[in-house]
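First the structure, in the form of structure tokens, and then the observations on it.
The values are calculated or read from the model by the stated rules, or taken from the named source; none is laboratory data. Please read all numbers here as calculations on a predicted model, not as lab measurements. Neighbour counts are summed over all protein chains in view; Cβ atoms, including those assigned to glycine, are modelled from backbone coordinates with ideal geometry.
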């Protein structure tokens, strides 16, 4: 695939990817975090973005260097980025852990999504850490 080099074309493709992700999240009913993100979560997302920038993230083969696409990451699968068709690679472990404190959330899992432009980051929280955001 040819890499997009024209800034206007890249901006257009980026906005299209953001809009596409918005529609996916609306259709699936995945909750969004709006406003301020807690420091612990901001740090975890920063680590993810650094892994992407450094080429250390494991990316889905459907995501190309040609241009922006909607994509997903899950804090329980560090460094893995998936396209919408490959989100099954982000499935929960049989023994999921809270993304914040690492405890077993039991049957009460709080799942939320933080959207950063065309990237949706999935987060699990236990009852103690989860509060409606």
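Annotations for the structure displayed:
- Number of residues in segment 87-117 that are part of a loop (DSSP other than H, G, I, E, B), touching a residue at least 12 places away in the same chain (Cβ under 8 Å), in contact with a strand residue (DSSP E or B) (Cβ under 9 Å, 6 or more places away or on another chain) and over 19 Å from residue 43 (Cα atoms): the value is 4.
- Members of segment 20-42 that are outside any loop (DSSP other than H, G, I, E, B), at pLDDT 85 or above and surrounded by 13 or more Cβ atoms within 10 Å (Cβ to Cβ): 20, 21, 22, 24, 25, 41
- Selection status of residue 6, over 13 Å from the mean Cα position of the chain (by Cα), modelled with pLDDT under 90, within 26 Å of residue 125 (Cα to Cα) and surrounded by fewer than 17 Cβ atoms within 10 Å (Cβ to Cβ): no
- Annotation note: of 75, 119, the sole residue that is under 24 Å from residue 11 (Cβ atoms), within 11 Å of the chain's Cα centre (by Cα), surrounded by 13 or more Cβ atoms within 10 Å (Cβ to Cβ) and modelled with pLDDT of 90 or more is 119.
- Residues of segment 102-116 that turn out to be out of contact with any helix residue (DSSP H, G or I) (no Cβ under 8 Å at 6 or more places or on another chain) and either surrounded by 18 or more Cβ atoms within 10 Å (Cβ to Cβ) or at pLDDT 90 or above (or both), as a count: 3
- Enumeration of residues in segment 118-133 that are assigned to a loop (DSSP other than H, G, I, E, B) and either over 18 Å from residue 25 (Cα atoms) or touching a strand residue (DSSP E or B) at 6+ places or on another chain (Cβ under 8 Å) (or both): 118, 126, 127, 128, 129, 130, 131, 133
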